Amino acid sequence: MSSMLVQRPYLLKAFFNWIVDSECTPHIIVDATQPCVEVPEQFVEDGKIVLNIAPRSVMQFSMDDDAVAFNARFSGQPMQVYVPLYAIEGIYARENGAGTMFPEEPAYQALDKEVQPEKEVEVAEKPIAKNRAGLKIVK
């Protein structure tokens, strides 16, 4: 029997595009208790946080098969947000609630301990690469 890929990256991208193309505001529901989640702690309630990921609301937005990352302001303070896909529980449109909750995926549970230390290193490296590129542009 062949194993299927995890479906969350595909579902997240499809629902994100559908919500944005419908001129609505996409929000993700995040389990902030998961390892490697970087969100503003002061807005976490009962271990969860809802984040607006509309293109007009965030900067340097990135969504790939591993994580959603962006820069945004929270109460006027800039912050870099990093959410591994295994911590995203669902996505919906603010205006009408259309969206989906993601099913549990055993692959994320199996990879949980293996992937997380590696993600911490990647998060630390991303700002360094941006700073170097920024220095080249200044020259």
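The values are calculated or read from the model by the stated rules, or taken from the named source; none is laboratory data. The model shown is predicted, which means the values in this text are computed figures rather than measured ones. Positions of Cβ are generated from backbone atoms using ideal geometry, with glycine treated the same way; all protein chains shown enter the neighbour counts.
Miscellaneous remarks
- Unique match (being aliphatic (A, V, I, L, M) and in contact (Cβ under 8 Å) with a residue 24 or more places away in the chain) among ILE49, ILE53: ILE53
- Across segment 69-85, the qualifying residues are those that are small (Gly, Ala, Ser) and in a strand (DSSP E or B), and the one among them that is farthest from ILE28 (Cα to Cα) is ALA72.
- Members of segment 13-43 that are in contact with a Ser or Thr (Cβ under 9 Å, 6 or more places away or on another chain), crowded, with 16+ Cβ neighbours inside 10 Å and of a type in the set (A, V, I, L, M, F, W, C): PHE15, ILE19
- Some residue of segment 86-97 being in a helix (DSSP H, G or I) and modelled with pLDDT of 90 or more: yes
- Residue among ALA32, ALA14 that alone is in contact (Cβ under 8 Å) with a residue 12 or more places away in the chain and of a type in the set (Gly, Ala, Ser): ALA32
- Each residue in segment 21-68 was checked for being in contact with a strand residue (DSSP E or B) (Cβ under 6 Å, 6 or more places away or on another chain) and in a helix (DSSP H, G or I), and 1 pass.
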